[in-house]
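Notes follow once the structure below has been shown.
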Amino acid sequence: MKKNLEKIFASCSIVVAIILIMVLLVTAFGGIETQEFESKLVRGLVLTLAALYVVLAVISLVLIFVNSDVVKEITLRQEKGGSVKVTSNVITKLVKTTCKQVEGVKCQKVGLVSDEYGVRLKLNVKVVDKDVVEAETYVRTLLEETFLGEFGFKFSSIEVKVMALTPHFKADQADVNAKVEKKLAELKAEQAAADAKEAKAESVAEEAAAEEVANVEESENVQAEAEENAVEESPEAVEAEEIGEEAIEEKEAEAVEAETCDGKAEEVLNEQEEAKEIEE
(Lines give C-alpha, C1' and ligand atoms only; values in the text may rest on other atoms or scores of the structure.)
Protein backbone atom coordinates (compact mmCIF):
# COMPACT_ATOMS: atom_id res chain seq x y z
CA MET A 1 0.00 0.00 0.00
CA LYS A 2 2.78 2.40 0.91
CA LYS A 3 4.61 1.86 -2.35
CA ASN A 4 1.43 2.45 -4.34
CA LEU A 5 0.84 5.73 -2.53
CA GLU A 6 4.43 6.77 -3.16
CA LYS A 7 3.97 6.14 -6.89
CA ILE A 8 0.66 8.05 -7.01
CA PHE A 9 1.90 11.16 -5.20
CA ALA A 10 5.24 11.16 -7.06
CA SER A 11 3.43 10.97 -10.42
CA CYS A 12 1.06 13.81 -9.47
CA SER A 13 3.92 16.05 -8.34
CA ILE A 14 5.79 15.39 -11.59
CA VAL A 15 2.73 16.33 -13.65
CA VAL A 16 2.28 19.61 -11.74
CA ALA A 17 5.97 20.41 -12.08
CA ILE A 18 5.83 19.82 -15.86
CA ILE A 19 2.83 22.20 -16.15
CA LEU A 20 4.66 24.93 -14.22
CA ILE A 21 7.81 24.48 -16.32
CA MET A 22 5.83 24.68 -19.57
CA VAL A 23 4.17 27.92 -18.44
CA LEU A 24 7.56 29.43 -17.58
CA LEU A 25 9.08 28.36 -20.91
CA VAL A 26 6.17 29.76 -22.94
CA THR A 27 6.42 33.03 -21.03
CA ALA A 28 10.19 33.21 -21.50
CA PHE A 29 9.90 32.80 -25.29
CA GLY A 30 7.15 35.41 -25.62
CA GLY A 31 4.15 33.13 -25.97
CA ILE A 32 2.51 34.69 -22.92
CA GLU A 33 2.81 38.39 -22.16
CA THR A 34 3.93 39.34 -18.68
CA GLN A 35 0.93 41.70 -18.39
CA GLU A 36 -1.35 38.66 -18.40
CA PHE A 37 0.05 37.59 -15.04
CA GLU A 38 -1.40 40.74 -13.51
CA SER A 39 -4.83 39.12 -13.73
CA LYS A 40 -6.06 37.75 -10.40
CA LEU A 41 -7.32 34.60 -12.10
CA VAL A 42 -3.92 33.76 -13.62
CA ARG A 43 -2.14 34.51 -10.36
CA GLY A 44 -4.58 32.33 -8.48
CA LEU A 45 -4.02 29.41 -10.88
CA VAL A 46 -0.25 29.70 -10.70
CA LEU A 47 -0.26 29.95 -6.90
CA THR A 48 -2.63 26.99 -6.68
CA LEU A 49 -0.36 24.86 -8.86
CA ALA A 50 2.69 25.88 -6.80
CA ALA A 51 0.94 25.07 -3.52
CA LEU A 52 -0.28 21.75 -4.91
CA TYR A 53 3.24 20.84 -5.98
CA VAL A 54 4.64 21.66 -2.52
CA VAL A 55 1.97 19.55 -0.80
CA LEU A 56 2.52 16.58 -3.11
CA ALA A 57 6.30 16.80 -2.69
CA VAL A 58 6.00 16.89 1.12
CA ILE A 59 3.66 13.89 1.14
CA SER A 60 6.02 11.96 -1.14
CA LEU A 61 8.96 12.67 1.17
CA VAL A 62 6.95 11.63 4.22
CA LEU A 63 5.99 8.36 2.56
CA ILE A 64 9.59 7.71 1.61
CA PHE A 65 11.17 8.34 5.01
CA VAL A 66 8.41 7.35 7.43
CA ASN A 67 8.46 3.71 8.40
CA SER A 68 4.87 2.80 7.70
CA ASP A 69 5.63 -0.87 7.03
CA VAL A 70 5.38 -1.77 10.72
CA VAL A 71 2.97 -4.65 11.15
CA LYS A 72 0.46 -4.49 14.00
CA GLU A 73 -0.94 -7.99 13.43
CA ILE A 74 -0.32 -11.12 11.39
CA THR A 75 -2.97 -13.06 9.51
CA LEU A 76 -2.43 -16.74 10.15
CA ARG A 77 -5.34 -18.07 8.10
CA GLN A 78 -8.00 -16.41 6.00
CA GLU A 79 -11.05 -18.12 4.55
CA LYS A 80 -14.47 -17.17 3.27
CA GLY A 81 -15.99 -17.71 6.68
CA GLY A 82 -13.41 -15.63 8.55
CA SER A 83 -9.76 -15.30 9.42
CA VAL A 84 -7.32 -15.85 12.27
CA LYS A 85 -4.96 -13.03 13.25
CA VAL A 86 -2.31 -12.58 15.90
CA THR A 87 -1.45 -9.15 17.31
CA SER A 88 2.09 -7.84 17.65
CA ASN A 89 1.81 -7.90 21.47
CA VAL A 90 1.25 -11.65 21.44
CA ILE A 91 4.20 -12.15 19.09
CA THR A 92 6.44 -9.92 21.21
CA LYS A 93 5.57 -11.82 24.39
CA LEU A 94 6.18 -15.16 22.70
CA VAL A 95 9.54 -14.03 21.31
CA LYS A 96 10.77 -12.78 24.70
CA THR A 97 9.60 -15.96 26.39
CA THR A 98 11.44 -18.04 23.80
CA CYS A 99 14.64 -16.02 24.15
CA LYS A 100 14.63 -16.65 27.92
CA GLN A 101 15.20 -20.31 27.13
CA VAL A 102 18.62 -19.43 25.68
CA GLU A 103 21.24 -18.97 28.38
CA GLY A 104 23.20 -15.74 28.05
CA VAL A 105 20.68 -14.07 25.68
CA LYS A 106 18.18 -11.41 26.74
CA CYS A 107 15.60 -9.98 24.31
CA GLN A 108 15.20 -6.19 24.59
CA LYS A 109 12.98 -5.14 21.68
CA VAL A 110 10.80 -6.91 19.08
CA GLY A 111 9.49 -5.48 15.80
CA LEU A 112 7.50 -6.72 12.82
CA VAL A 113 8.06 -5.22 9.38
CA SER A 114 6.27 -5.99 6.15
CA ASP A 115 8.34 -6.42 2.99
CA GLU A 116 7.81 -7.77 -0.49
CA TYR A 117 8.57 -11.33 0.71
CA GLY A 118 6.21 -11.34 3.72
CA VAL A 119 6.70 -10.41 7.37
CA ARG A 120 10.19 -9.84 8.76
CA LEU A 121 10.90 -10.29 12.48
CA LYS A 122 13.42 -7.90 14.02
CA LEU A 123 14.70 -8.22 17.57
CA ASN A 124 17.39 -6.55 19.63
CA VAL A 125 19.21 -8.77 22.11
CA LYS A 126 21.89 -8.61 24.77
CA VAL A 127 24.50 -11.36 24.79
CA VAL A 128 26.40 -12.19 28.00
CA ASP A 129 29.35 -14.61 28.13
CA LYS A 130 28.36 -16.40 24.94
CA ASP A 131 29.59 -16.63 21.38
CA VAL A 132 27.62 -14.16 19.24
CA VAL A 133 27.37 -16.34 16.13
CA GLU A 134 26.35 -19.36 18.18
CA ALA A 135 23.74 -17.38 20.14
CA GLU A 136 22.28 -15.80 16.98
CA THR A 137 22.01 -19.15 15.20
CA TYR A 138 20.41 -20.80 18.20
CA VAL A 139 17.87 -17.98 18.71
CA ARG A 140 16.95 -17.88 15.02
CA THR A 141 16.41 -21.65 14.82
CA LEU A 142 14.46 -21.73 18.08
CA LEU A 143 12.11 -18.92 16.95
CA GLU A 144 11.50 -20.56 13.58
CA GLU A 145 10.57 -23.86 15.23
CA THR A 146 8.41 -22.15 17.88
CA PHE A 147 6.29 -20.08 15.46
CA LEU A 148 6.00 -22.94 12.98
CA GLY A 149 4.80 -25.32 15.71
CA GLU A 150 2.59 -22.79 17.54
CA PHE A 151 0.93 -20.97 14.65
CA GLY A 152 2.07 -22.79 11.53
CA PHE A 153 3.61 -19.48 10.42
CA LYS A 154 7.10 -18.79 9.08
CA PHE A 155 8.72 -15.36 8.89
CA SER A 156 10.35 -14.28 5.63
CA SER A 157 13.49 -13.49 7.64
CA ILE A 158 14.60 -13.04 11.25
CA GLU A 159 17.06 -10.21 11.96
CA VAL A 160 18.96 -10.36 15.24
CA LYS A 161 20.76 -7.19 16.31
CA VAL A 162 23.19 -7.40 19.23
CA MET A 163 22.76 -4.18 21.23
CA ALA A 164 24.97 -5.14 24.20
CA LEU A 165 27.72 -7.69 24.61
CA THR A 166 29.72 -9.07 27.48
CA PRO A 167 32.65 -10.80 25.75
CA HIS A 168 33.72 -14.23 26.89
CA PHE A 169 36.74 -14.63 24.64
CA LYS A 170 40.11 -13.87 26.18
CA ALA A 171 43.21 -13.82 24.03
CA ASP A 172 46.33 -15.74 25.06
CA GLN A 173 48.75 -13.04 26.19
CA ALA A 174 51.83 -15.17 25.48
CA ASP A 175 50.60 -15.91 21.96
CA VAL A 176 49.85 -12.24 21.35
CA ASN A 177 53.31 -11.22 22.62
CA ALA A 178 54.96 -13.79 20.36
CA LYS A 179 53.06 -12.49 17.32
CA VAL A 180 53.91 -8.89 18.24
CA GLU A 181 57.61 -9.73 18.58
CA LYS A 182 57.54 -11.55 15.25
CA LYS A 183 55.91 -8.59 13.52
CA LEU A 184 58.37 -6.17 15.11
CA ALA A 185 61.30 -8.33 13.96
CA GLU A 186 59.91 -8.37 10.43
CA LEU A 187 59.49 -4.60 10.50
CA LYS A 188 63.05 -4.13 11.75
CA ALA A 189 64.40 -6.47 9.06
CA GLU A 190 62.50 -4.56 6.39
CA GLN A 191 63.79 -1.25 7.77
CA ALA A 192 67.38 -2.57 7.83
CA ALA A 193 67.08 -3.80 4.25
CA ALA A 194 65.70 -0.42 3.18
CA ASP A 195 68.56 1.40 4.98
CA ALA A 196 71.18 -0.87 3.37
CA LYS A 197 69.66 -0.29 -0.04
CA GLU A 198 69.66 3.44 0.51
CA ALA A 199 73.30 3.40 1.72
CA LYS A 200 74.32 1.40 -1.34
CA ALA A 201 72.58 3.85 -3.61
CA GLU A 202 74.35 6.76 -1.88
CA SER A 203 77.77 5.07 -2.25
CA VAL A 204 77.14 4.45 -5.94
CA ALA A 205 76.16 8.07 -6.38
CA GLU A 206 79.29 9.25 -4.55
CA GLU A 207 81.52 7.00 -6.73
CA ALA A 208 79.89 8.34 -9.86
CA ALA A 209 80.40 11.91 -8.66
CA ALA A 210 84.06 11.24 -7.81
CA GLU A 211 84.63 9.64 -11.21
CA GLU A 212 83.05 12.62 -12.92
CA VAL A 213 85.26 15.02 -10.96
CA ALA A 214 88.36 12.98 -11.93
CA ASN A 215 87.37 13.08 -15.58
CA VAL A 216 86.91 16.84 -15.41
CA GLU A 217 90.32 17.32 -13.76
CA GLU A 218 91.98 15.07 -16.33
CA SER A 219 90.45 17.03 -19.20
CA GLU A 220 91.58 20.29 -17.59
CA ASN A 221 95.13 18.95 -17.24
CA VAL A 222 95.21 17.85 -20.88
CA GLN A 223 93.98 21.26 -21.97
CA ALA A 224 96.64 22.99 -19.81
CA GLU A 225 99.43 20.85 -21.31
CA ALA A 226 98.22 21.66 -24.80
CA GLU A 227 98.31 25.37 -24.00
CA GLU A 228 101.85 25.08 -22.57
CA ASN A 229 103.05 23.25 -25.67
CA ALA A 230 101.52 25.93 -27.81
CA VAL A 231 103.33 28.63 -25.81
CA GLU A 232 106.69 26.81 -26.09
CA GLU A 233 106.44 26.33 -29.84
CA SER A 234 105.32 29.92 -30.52
CA PRO A 235 108.87 31.52 -31.12
CA GLU A 236 109.75 28.94 -33.78
CA ALA A 237 106.41 29.46 -35.42
CA VAL A 238 106.95 33.25 -35.42
CA GLU A 239 110.41 32.83 -36.95
CA ALA A 240 109.09 30.49 -39.63
CA GLU A 241 106.36 32.96 -40.40
CA GLU A 242 108.87 35.80 -40.75
CA ILE A 243 111.07 33.68 -43.07
CA GLY A 244 108.07 32.90 -45.20
CA GLU A 245 107.17 36.58 -45.48
CA GLU A 246 110.78 37.49 -46.52
CA ALA A 247 110.75 34.78 -49.20
CA ILE A 248 107.50 36.13 -50.57
CA GLU A 249 108.90 39.68 -50.68
CA GLU A 250 112.06 38.49 -52.52
CA LYS A 251 109.97 36.65 -55.09
CA GLU A 252 107.86 39.73 -55.62
CA ALA A 253 111.03 41.87 -56.10
CA GLU A 254 112.48 39.40 -58.60
CA ALA A 255 109.21 39.39 -60.49
CA VAL A 256 109.29 43.22 -60.66
CA GLU A 257 112.94 43.20 -61.90
CA ALA A 258 112.09 40.56 -64.52
CA GLU A 259 109.26 42.69 -65.79
CA THR A 260 111.55 45.73 -65.93
CA CYS A 261 114.19 43.79 -67.92
CA ASP A 262 111.60 42.48 -70.34
CA GLY A 263 110.36 46.02 -70.90
CA LYS A 264 113.90 47.30 -71.67
CA ALA A 265 114.54 44.42 -74.06
CA GLU A 266 111.36 45.19 -75.92
CA GLU A 267 112.36 48.86 -76.22
CA VAL A 268 115.77 47.89 -77.64
CA LEU A 269 114.21 45.59 -80.19
CA ASN A 270 111.76 48.28 -81.21
CA GLU A 271 114.63 50.80 -81.70
CA GLN A 272 116.58 48.30 -83.85
CA GLU A 273 113.55 47.65 -85.99
CA GLU A 274 112.98 51.37 -86.47
CA ALA A 275 116.67 51.83 -87.43
CA LYS A 276 116.44 49.09 -90.01
CA GLU A 277 113.37 50.64 -91.49
CA ILE A 278 115.11 54.03 -91.75
CA GLU A 279 118.13 52.51 -93.54
CA GLU A 280 115.90 50.82 -96.04
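The values are calculated or read from the model by the stated rules, or taken from the named source; none is laboratory data. As the structure is a computational prediction, the values presented were derived from the model and not from experiment. All Cβ positions, glycine included, derive from the backbone under ideal geometry; neighbour counts span all protein chains shown. Only protein heavy atoms, including side chains, enter the accessible area calculation; ligands, DNA and RNA are left aside. Shrake-Rupley method; radii C 1.70, N 1.55, O 1.52, S 1.80 Å.
Could you work out how far the C-alpha centroid of region 87-121 sits from that of region 2-50, in angstrom?
Between the Cα centre of region 87-121 and that of region 2-50, the gap is 49 Å.
Based only on the alpha carbon positions, what is the Kirkwood hydrodynamic radius of the chain, in angstrom?
Working: mean 1/r = 0.0299 Å⁻¹.
Every distinct Cα pair counted, the radius reaches 33.4 Å.
Rg and Dmax of region 1-133 over Cα atoms: what are they, in angstrom?
Just the Cα atoms of region 1-133 yield Rg and Dmax of 25.9, 79 Å.
Please give the charge dipole size of the chain, origin at the Cα centre, charges +1 on K and R Cβ atoms and -1 on D and E Cβ atoms. Round to the nearest 20 debye.
Value, rounded to 20: 12160 debye.
What do you get for the angle between helix 234-279 and the principal long axis of the chain? Use alpha-carbon atoms, 0 to 90 degrees, nearest ten.
Helix 234-279 sits roughly 50 degrees off the main axis of the chain.
With labels modelled as points extended 7 Å from the Cα through the Cβ direction, what inter-label distance (nm, one decimal) is found for Ile14 paired with Glu227?
Going from the Ile14 label point to the Glu227 one covers 8.9 nm.
Quick one: among Cys107, Cys12, Cys99, which has the greatest mean-square fluctuation in a GNM of the chain with alpha-carbon springs under 10 angstrom?
Cys12
Mind telling me which of Glu254, Glu206, Glu145 comes out most flexible in a GNM of the chain, alpha-carbon contacts under 10 Å?
Of the options given, Glu254 has the highest mean-square fluctuation.
Using a Förster distance of 30 angstrom, determine the FRET efficiency expected from the C-beta separation of Val84 and Val132, and round it to 0.05. Walk me through the numbers on the way to the answer.
Details: r = 36 Å, r/R0 = 1.20.
Step by step, r from the Cβ atoms, then E = 0.25.
Please give the helix 2-28 orientation as an angle from the longest Cα principal axis of the chain, in degrees from 0 to 90, rounded to the nearest 10.
Tilt of helix 2-28: around 50 degrees.
Please give the solvent-accessible surface of Thr48 in Å², to the nearest 10, using a probe radius of 1.4 Å with every protein chain present.
90
Taking the Cα centre of region 53-147 as the origin, how large is its charge dipole in debye, to the nearest 20, when only Lys and Arg (+1) and Asp and Glu (-1) carry charge on their Cβ atoms?
420
Distance check, please: which entries in Lys85/Lys109; Lys85/Lys126; Lys80/Lys109; Lys85/Lys130; Lys93/Lys126; Lys72/Lys106 exceed 28 angstrom between their Cα atoms?
Lys85/Lys126; Lys80/Lys109; Lys85/Lys130
How far is helix 40-65 tilted off the main Cα axis of the chain, in degrees rounded to 10, range 0 to 90?
Once rounded, one gets 80 degrees.
Only Cα pairs under 8 Å and at least 6 apart count here; give the relative contact order of the chain as a rounded whole percent. Working shown, then result.
Numbers: 195 pairs, mean separation 28.3, N = 280.
Computed over the chain, the figure is 10 percent.
Please calculate the 1.4 Å probe accessible area of Leu52, with all protein chains present, and give it to the nearest 10 Å².
80
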